[in-house]
1. Answer with yes or no whether S335 is within 15 Å of the chain's Cα centre (by Cα) and either under 14 Å from P51 (Cβ atoms) or touching a residue at least 60 places away in the same chain (Cβ under 8 Å) (or both).
2. Among the residues of the stretch 129-146, are any of a type in the set (D, E, K, R), farther than 20 Å from R200 by Cβ and either surrounded by fewer than 21 Cβ atoms within 10 Å (Cβ to Cβ) or in contact (Cβ under 8 Å) with a residue 24 or more places away in the chain (or both)?
3. Being surrounded by 19 or more Cβ atoms within 10 Å (Cβ to Cβ), among the hydrophobic types (A, V, I, L, M, F, W, C) and under 18 Å from K311 (Cα atoms) is the filter here; which residues of the stretch 235-270 pass it?
4. When the stretch 134-170 is examined, which residues are found to be under 18 Å from L101 (Cα atoms) and within 16 Å of the chain's Cα centre (by Cα)?
5. For the stretch 153-257, give me every one of the helices (runs of 4 or more DSSP H) that falls completely inside it and has 2 or more residues that are of a type in the set (K, R).
6. Could you give me the residue pairs with C-beta distances under 8 Å whose first residue belongs to the stretch 206-234 and is in contact (Cβ under 8 Å) with a residue 60 or more places away in the chain and surrounded by fewer than 19 Cβ atoms within 10 Å (Cβ to Cβ), whose second residue is of a type in the set (V, I, T) and assigned to a helix (DSSP H, G or I) wherever it lies, and which are 6+ apart or on separate chains?
7. So in the stretch 148-187, with the set limited to residues that are without any contact (Cβ under 8 Å) to a residue 40 or more places away in the chain and in contact with a strand residue (DSSP E or B) (Cβ under 7 Å, 6 or more places away or on another chain), which one is nearest to C216 (Cα to Cα)?
8. Taking the stretch 263-320 on its own, how many of its residues are free of Cβ contacts under 8 Å to residues at least 40 places away in the same chain, more than 30 Å from A87 (Cβ to Cβ) and not in a loop (DSSP other than H, G, I, E, B)?
Amino acid sequence: MTPSAALTDLPLVDGHCHAIFGGAPDPAAFALAVTEADVAPPSGVSLVDGPAGLAIRRWCAPALDLPAGAPIDEYLARRAELGPGEAARRLMGAAGLSHLLLDTGLEGPALAPPSEVGRAAGAEVREVVRLERVAERLAAGDVGASAFAGAYVDALAAATVDAVAVKSVLAYRHGLQIAGDRPGPTAVRTAAGRWLARRRPARLDDPVLLRFVLWCGIDRGLPVQIHTGFGDRDLRLAAADPALLQPFLRAAEPSAVPIVLLHCYPYHRQAGWLAQVFPHVHVDVGLTVGQVGARADAVLAEFCELAPFGKLLFSTDGYALPESYLVGAAQFRHSFARLLTTWVTDGALPPADADRIAALVGAGNARRLYGL
């Protein structure tokens, strides 16, 4: 079996994803959702006219009975004709996913509930709990500074009863350059007092509390997913380099709790090195593959330069548009198979190992790590 055939036949485990729109976005909202941008470009420029948009036209058009590469206007017209429910079912069903590890920290009336996302994909949904969101829900009540730490530990335990992982968005709230040690009770109480004293402490951004909830995630013993690298412009990209996490990774190493670096680009080479030198660190290629489109061959090769194959994980980071699920899965299958085939042709990789690596990265590593 060739790597291409092995990946085509393999139901992928989507190791990190989000909810999709429950309704049909208008063309402007669709264009914004294609990339990480949240502001429309100048007149005459389209966000869809780039690598991510080309990937949608290539991989998603056939699922809607259009030829690959169909013009985006025709694609959107056909999408509207089918309706959001049928389009989502076709697009996500074509992704060939067995499990969705869904981050439930993003909420809003425009987003479909996790059960609907799972039905559209024909996949089992398992929850990833966002550490910061648990604190923000707690702060919406009447918890005081002195009780915050204990209340958070209890709330996180309750929130993760059925979860397979927790996640931190530290990169968005402060940046990844943090002290490695666990903050003490006095520091946590003082920081909680500062944060809770705000009129509306809706966003957890205190660096002490961010470290506290991250260590609470370690204490739960579940894999800890950490957003690194690019995202929307709410983060400071220079502060999202996973290499900045070295002090924390070193301090957390004795716990043996798996830490999964999400996304990583353009710092994916640093992430690969971290996965090589720290036994508990793993790397997830999600979001990157769908956004770079046809360049995914080259970027996946860079992910693979240092990281052990047993530590590479697939995900789509699908969000808002069902297209993001299909593009992430289809582009990964295509590009990773091309990469492995190149190595086989060059004599660098025995054919049997190519099939094994394809199965590991596509599903096997995630099944083992997350206990699926």
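Please treat every number below as a calculation from the coordinates, not as lab data. Here the structure is a predicted model, which is why all the values come from computation and not from measurement. Every residue, glycine as well, gets a Cβ built from its backbone with ideal geometry; the counts of neighbours run over all protein chains shown.
1. On the way: within 15 Å of the chain's Cα centre (by Cα): no; either under 14 Å from P51 (Cβ atoms) or touching a residue at least 60 places away in the same chain (Cβ under 8 Å) (or both): yes.
When the stated conditions are applied, S335 does not pass them.
2. no
3. The answer is L245, L249, A252, I259, V260, L261, L262, C264.
4. Once the filter is applied, which keeps residues that are under 18 Å from L101 (Cα atoms) and within 16 Å of the chain's Cα centre (by Cα), the stretch 134-170 yields A163, V164, A165, V166, K167, S168, V169.
5. Details: elements: 170-173, 185-196, 207-220, 246-252.
By residue number, 185-196, 207-220.
6. Final answer for the pair search is D219/V153.
7. Restricting to residues being without any contact (Cβ under 8 Å) to a residue 40 or more places away in the chain and in contact with a strand residue (DSSP E or B) (Cβ under 7 Å, 6 or more places away or on another chain), the top hit is A159.
8. Residues that pass the stated criteria total 15.
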